[in-house]
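Asks: Can you read through this structure? Questions will come right after.
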Amino acid sequence: MLIRKSPDVRYSEVTPKSLYLNRRKFLAGVPGAVLAGNELLSPSGRASAATTKLQTVQSALSTTGERINPKEYVTGYNNYYEFGTGKDEPQQLARNFKTYPWIVTVEGECAKPRKFTIDEILKLAPLEERVYRHRCVEAWSIVVPWIGYSLSTLLNQVEPNPKAKFVAFETLYDPKQMLSPLQAGIPLPYVEGLRLDEAMHPLALLTVGMYGETLPPQDGAPVRMVLPWKYGFKSIKSIVKIRLVGGQPASTWNLYAPNEYGFYSNVNPNRDHPRWSQKTERRLGEFGRRTTLMFNGYGDQVASLYKGMDLIRNY
Ligand code: MTE
């Protein structure tokens, strides 16, 4: 995402050095966690940038025939504004982010609202490895083997009632561990939303891992969304709250610049961003550009969700 910059401008090029260096105060020792049968054990109860292996099953929803981007590339080039606006900053500044213990509250218009520990989330269903294309609104893309299961599995646990039309998501905001909204340049906590039928679509992945292991902090540990047919900013990280609601929820980038970032944010090469084209993209690690596909190439699965809608107006 871009705060008045052109694509791929490095944050360090536009940030005063004092502010940039101030963020380094987050850096300190990094304890590890242990995983047994997909259960996180962290007796110290402290953060972990150390990932642990996850047992997974193959998924029929995995994209095939794509070259996967190397892990080092993907985990060193992130958008996570709570930990810096430079692509290389979250890997450093989120190193001590405390991601265990962790609770996700699922509430709102449902029969059985409840809190889930991250261990309960890890054990709720078999963890699937799903390779997805991931297209950022800044016109770069990556291919990642994510791990998780469909969000519908979690939502069905709380039994949404007929008044539930949308799902609102919220990231943890802890000023002791994260930058201030002023430093991050966006309102915090980071919030996002989906229509209920989008949230219930099997491709909507409640994600707990990548590359065979738990998520590293900079990629949204311990649990995030991945929505492969939408621009990357819909894929909210480090979720603490999921609320079933009747009305369309707020979303961070729409609050920040409504004329640039809409609620739907489906990948759409026919609708340019006001400041740049969305017709092509740069796959990280490749020279040249690729043509961007409608719904990021997932049209066969998701186009029916938007039947009859004007997708230029509903961007
Ligand atoms: N979630 C939170 N909480 N904060 C963020 O800054 N950035 C979004 C999204 N989720 C963001 C977030 C954006 S702009 C993108 S492109 C993706 O995360 C990036 O995910 P990645 O770093 O795993 O590639």
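The values are calculated or read from the model by the stated rules, or taken from the named source; none is laboratory data. What you see is a predicted model; the values in this text were computed from it and never measured. Note that we place each Cβ from the backbone using ideal geometry, even for glycine, and neighbour counts take in every protein chain shown. We work out accessible area using only protein heavy atoms, side chains counted, and drop any ligands, DNA or RNA first. Shrake-Rupley method; radii C 1.70, N 1.55, O 1.52, S 1.80 Å.
Residues are listed down the side, and each one gets a yes or a no for (1) farther than 30 Å from Leu182 by Cα; (2) hydroxyl-bearing (Ser, Thr, Tyr); (3) touching a residue at least 40 places away in the same chain (Cβ under 8 Å):
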residue	(1), (2), (3)
Thr207	no, yes, yes
Tyr211	yes, yes, yes
Val245	no, no, yes
Glu260	no, no, no
Asn314	no, no, yes
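Asks: If you scan the range 158-198, which residues turn out to be among the small types (Gly, Ala, Ser) and either farther than 18 Å from Arg114 by Cα or without any contact (Cβ under 8 Å) to a residue 24 or more places away in the chain (or both)?
Replies: Ser180, Ala184, Gly185, Gly193
Asks: Would you pick out the residues in the range 185-195 that are buried (at least 20 other Cβ atoms within 10 Å of the Cβ) and away from the ligand (no atom under 11 Å from the Cβ)?
Replies: Once the filter is applied, which keeps residues that are buried (at least 20 other Cβ atoms within 10 Å of the Cβ) and away from the ligand (no atom under 11 Å from the Cβ), the range 185-195 yields Gly193, Leu194.
Asks: Give the residues of the range 49-86 that are surrounded by 14 or more Cβ atoms within 10 Å (Cβ to Cβ), away from the ligand (no atom under 14 Å from the Cβ) and not charged (D, E, K, R), sorted by residue number.
Replies: Across the range 49-86, the qualifying residues are Ala49, Ala50, Thr52, Leu54, Thr56, Ser59, Leu61, Ser62, Thr63.
Asks: Considering only the range 100-120, I want to know if a residue exists there that is under 15 Å from Gly220 (Cα atoms), of a type in the set (Ser, Thr, Tyr) and more than 15 Å from the chain's Cα centre (by Cα).
Replies: yes
Asks: Let me ask something additional. Any idea which residue in the range 171-184 is nearest to Val240 (Cα to Cα), counting only those that are open to solvent by less than 30 Å² (accessible area, probe 1.4 Å) and more than 8 Å from the ligand (Cβ to nearest atom)?
Replies: Met178
Asks: Please tell me if Glu198 is surrounded by 17 or more Cβ atoms within 10 Å (Cβ to Cβ), within 13 Å of the ligand (Cβ to nearest atom) and acidic (Asp, Glu).
Replies: Spelling it out, it is not the case that Glu198 is surrounded by 17 or more Cβ atoms within 10 Å (Cβ to Cβ), within 13 Å of the ligand (Cβ to nearest atom) and acidic (Asp, Glu).
Asks: Given the criterion more than 16 Å from the chain's Cα centre (by Cα) and closer than 26 Å to Asn296 by Cβ, identify the matching residue among Ser141, Ser59.
Replies: Of Ser141, Ser59, the one residue that is more than 16 Å from the chain's Cα centre (by Cα) and closer than 26 Å to Asn296 by Cβ is Ser59.
Asks: From Trp229, Trp276, grab the single residue that is aromatic (Phe, Trp, Tyr), over 17 Å from Glu170 (Cβ atoms) and open to solvent by less than 10 Å² (accessible area, probe 1.4 Å).
Replies: On inspection, the qualifying residue turns out to be Trp229.
Asks: Same structure again: If Thr214 satisfies every condition in (1) closer than 19 Å to Cys136 by Cα; (2) of a type in the set (S, T, N, Q); (3) crowded, with 24+ Cβ neighbours inside 10 Å but one, which is the exception?
Replies: (1)
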